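The values are calculated or read from the model by the stated rules, or taken from the named source; none is laboratory data. These figures come from a predicted structure and were not determined experimentally. Don't worry about glycine lacking a Cβ; one is built from the backbone with ideal geometry, like all the others, and counts go over all protein chains shown.
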């Protein structure tokens with residue numbers, strides 16, 4: 001059977017792979033799935049566009065789970081009494097085979113379409129200029145397949161694996177579902193690192209908008225996915241065994257940070273910097289009525305129709321609830337508002353809210369207010385008393401608000417609580433964003449042997465002076481060579497200046513006007529972290545009154561002393577990174593996986609069990625269960641998972 005409309009082919013193939021009716025086999029295709037004639041290939045430019053778009057839109061089926069599976073099972077959100085039974089089962093790590101959020105078939109539908117594309121794309125097809133027609137699209141399809149397999153492994157722990165398209169029931173039967181033949185997280189990383197490496201710098205396809213979505217914001221940067229694969233593999237290995245992979249991850253992340261590729265329609269991806277413009281600040285000013293205090297906040301938001309430099313990758317969801325893949329995420333986190341009247345609806349209300357643990361992490365931070373001379377100042381206790389959320393880091397208070405809405409004028413009986421979390425109040429699902437890449441880079445650098453450089457990303461911002469004065473002086477020759485390799489001949493470090501002033505150029509003059517200011521990520525919610533004595537580097541060597549180095553390490557050199565203390569410093573900086581991941585990426589669906597990655601790195605389930613059991617009072621009973629790694633993951637009918 002051969003269909004005339006190719007876009008209909010790809011959609012039908014996706015549906016056939018994803019909806020198996022009453023079938024019990026995770027991979028068994030239905031008769032409607034086999035729709036291509038033997039030997040058919042993707043051969044024309046039209047094929048490249050429609051098939052890639054079809055794969056991207058097939059991701060809609062797992063869009064909500066990108067957020068829910070990683071967040072509800074973490075420690076940063078709690079469920080309200082409005083939460084459905086399936087959400088509660090997830091939060092308690094008790095999701096069964098019939099749980100609506102436990103459907104691995106949807107992931108395999110994406111994977112099977114990617115496998116078909118890779119197997120049938122005509123790699124010998126060239127355009128009139130001699131360019132391979134499918135090169136850019138193949139890179140994207142391989143990146144999407146690798147990312148989807150990684151999500152499966154992170155959620156299920158151990159997964160059936162195949163890379164050829166399943167077009168018949170016989171094809172599916174030949175894929176082993178036996179536990180011994182499944183790939184774990186490390187196995188998935190092993191395979192796809194080799195699969196993706198040749199595509200690291202491949203340009204993006206020249207697609208533009210589909211509906212209101214700019215297609216470049218739906219692409220999966222190969223270097224971002226590859227960096228994640230290296231980071232996870234390194235963490236699974238643990239200790240020094242993963243050191244080389246951490247460094248490869250750092251290279252991948254930094255390549256993407258400094259990439260300035262064309263993204264279509266005349267737009268260019270900018271090199272990333274942590275912007276001072278998004279920083280939260282206390283402000284103080286005098287007036288005739290006395291002193292006033294205020295908080296400034298600028299929050300990222302997904303955009304459509306143009307390339308968004310903060311939001312790297314999103315899954316485009318449908319725009320109306322009557323359509324097939326309309327996201328439930330906004331209504332799970334936010335009180336719904338009637339679009340026509342602007343009035344809150346009362347038929348549904350939010351199910352997910354910031355946990356006590358999240359509020360504690362935020363409040364434990366020390367905000368650094370400075371005067372005009374950059375001297376740290378005391379907090380303004382009276383403002384915190386009025387709004388306790390203003391204590392500590394301001395990112396939580398900047399995006400989370402609650403209130404009471406009067407349904408009628410009939411008093412308390414006509415009231416209900418409202419909630420808005422601005423980060424989750426959009427129809428599309430964010431997969432990657434810019435600030436997250438910096439945090440991944442910090443994690444990779446710290447565990448690759450550069451804790452002071454990782455700390456700089458958190459506290460001061462990264463730039464040439466930081467690397468030269470605060471990192472290289474603690475490094476041996478081999479590690480300095482790695483830093484030079486990371487910088488490359490493009491002198492990437494020279495593109496960045498810290499907030500305290502521009503870096504001098506190589507000839508000693510002031511940096512150019514194009515130098516980007518980098519601030520520490522912690523400063524996005526906690527003020528001037530580079531001047532905050534409570535956010536100082538956890539290991540400080542000896543300095544005299546003039547800040548000159550004093551060699552007081554029992555005869556050791558500064559470099560020798562640094563390497564002797566490396567493990568202690570790395571553990572301390574990792575503790576700072578895991579908190580920063582909570583403050584910056586809360587409610588984005590990453591939390592459980594961050595905790596698992598740290599637990600594997602240190603071979604210590606306490607990272608998961610200890611954190612999740614502190615989510616709220618109801619979660620304390622989870623501690624013992626989560627000491628067993630098998631309970632971190634989902635399973636389905638004995639065909640996928642670790643149980």
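Residues in segment 381-421 that are at pLDDT 90 or above and either assigned to a strand (DSSP E or B) or surrounded by fewer than 18 Cβ atoms within 10 Å (Cβ to Cβ) (or both): 7 in all. Checking residue 63 against (1) more than 21 Å from the chain's Cα centre (by Cα); (2) outside any loop (DSSP other than H, G, I, E, B); (3) touching a residue at least 12 places away in the same chain (Cβ under 8 Å), which single condition isn't satisfied? The failed condition is (1).
Reported count of residues in segment 130-171, each being over 16 Å from residue 219 (Cβ atoms) and assigned to a helix (DSSP H, G or I), is 11.
Tell me, yes or no, whether segment 388-397 has at least one residue that is free of Cβ contacts under 8 Å to residues at least 12 places away in the same chain and over 19 Å from residue 529 (Cα atoms). The answer is no, given that none of the residues of segment 388-397 is free of Cβ contacts under 8 Å to residues at least 12 places away in the same chain and over 19 Å from residue 529 (Cα atoms). Taken over segment 218-254, the criterion of being in a helix (DSSP H, G or I) and within 14 Å of residue 436 (Cα to Cα) is satisfied by 223, 224, 225, 227, 228, 231, 249, 250, 252, 253, 254. Taking segment 68-94 as the region of interest, how many residues are buried (at least 22 other Cβ atoms within 10 Å of the Cβ) and assigned to a loop (DSSP other than H, G, I, E, B)? Number satisfying all stated conditions: 5.
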